[in-house]
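J.: Attaching a single structure in structure tokens format; questions to follow.
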């Protein structure tokens, strides 16, 4: 738990653009809200690598949203069942199921469909919320922490200077 918190703080304090972290968290939500081993997961991993989102943020978000998905699993099922059993969409689902490609997505699974629909609805608002929260965290809380006497003492210590030298050397290799 402490290492998870340390990794989260490292991601938040990194000089990564808040939009990259927010996008990573939103993609992690899509990844976590659908059962493993679907075509969507391969597409999401491809997007994570191509869009240059924060991979650590994606992994941490996946862990957190997996716990959320476990809790809201009955709701995912109910939403998926409602979408898949909607009379107006029956023809669409039949046509898609007859295609081999769409069968690979597992769209006919209520959890897959419900997770996709809920993640789709939440993605844009959560992106802006995460972006706002990360900016506020960096602007107020991180600035306050850096001004504290303890942070000043740690930054002025020889151990911290040695750590910066070693970590800078390792990141350039």
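J.: Does any residue of the stretch 111-121 turn out to be assigned to a helix (DSSP H, G or I), modelled with pLDDT of 85 or more and surrounded by fewer than 14 Cβ atoms within 10 Å (Cβ to Cβ)? Break it down stepwise before answering.
T.: Taking the stretch 111-121 as the starting set, the residues that turn out to be assigned to a helix (DSSP H, G or I) are 111-121.
Of the ones still in play, those that are also modelled with pLDDT of 85 or more are 111-121.
Cutting the leftovers down to surrounded by fewer than 14 Cβ atoms within 10 Å (Cβ to Cβ) gives us 120-121.
So far as the stretch 111-121 goes, yes, one or more of its residues are assigned to a helix (DSSP H, G or I), modelled with pLDDT of 85 or more and surrounded by fewer than 14 Cβ atoms within 10 Å (Cβ to Cβ).
J.: Restricting attention to the stretch 15-22, does a residue exist that is without any contact (Cβ under 8 Å) to a residue 12 or more places away in the chain and either within 21 Å of residue 134 (Cβ to Cβ) or not in a helix (DSSP H, G or I) (or both)? Quick ask: steps written out before the conclusion?
T.: So the first thing to find is which residues in the stretch 15-22 are without any contact (Cβ under 8 Å) to a residue 12 or more places away in the chain, and the list is 15, 17.
The next check asks that each one be either within 21 Å of residue 134 (Cβ to Cβ) or not in a helix (DSSP H, G or I) (or both); those that pass are 15, 17.
Yes, the stretch 15-22 contains at least one residue that is without any contact (Cβ under 8 Å) to a residue 12 or more places away in the chain and either within 21 Å of residue 134 (Cβ to Cβ) or not in a helix (DSSP H, G or I) (or both).
J.: Here's a follow-up. Considering only residues that are assigned to a helix (DSSP H, G or I) and on the phi > 0 side of the Ramachandran plot, which ones fall in the stretch 25-79?
T.: Keep residues of the stretch 25-79 that are assigned to a helix (DSSP H, G or I), which gives 25-33, 39-50, 55-71, 73-79.
If the condition is that a residue be assigned to a helix (DSSP H, G or I) and on the phi > 0 side of the Ramachandran plot, then no residue fits.
J.: Next question, about the same structure. On the basis of being surrounded by 17 or more Cβ atoms within 10 Å (Cβ to Cβ), in a loop (DSSP other than H, G, I, E, B) and touching a helix residue (DSSP H, G or I) at 6+ places or on another chain (Cβ under 7 Å), does residue 107 make the cut? Walk me through how you get there before you give the answer.
T.: Working: surrounded by 17 or more Cβ atoms within 10 Å (Cβ to Cβ): yes; in a loop (DSSP other than H, G, I, E, B): yes; touching a helix residue (DSSP H, G or I) at 6+ places or on another chain (Cβ under 7 Å): yes.
Answer is yes for this residue.
The values are calculated or read from the model by the stated rules, or taken from the named source; none is laboratory data. No experiment lies behind these values; they were computed from the predicted model shown. FYI the Cβ positions are ideal-geometry reconstructions off the backbone, even for glycines, and counts take in every protein chain you see.
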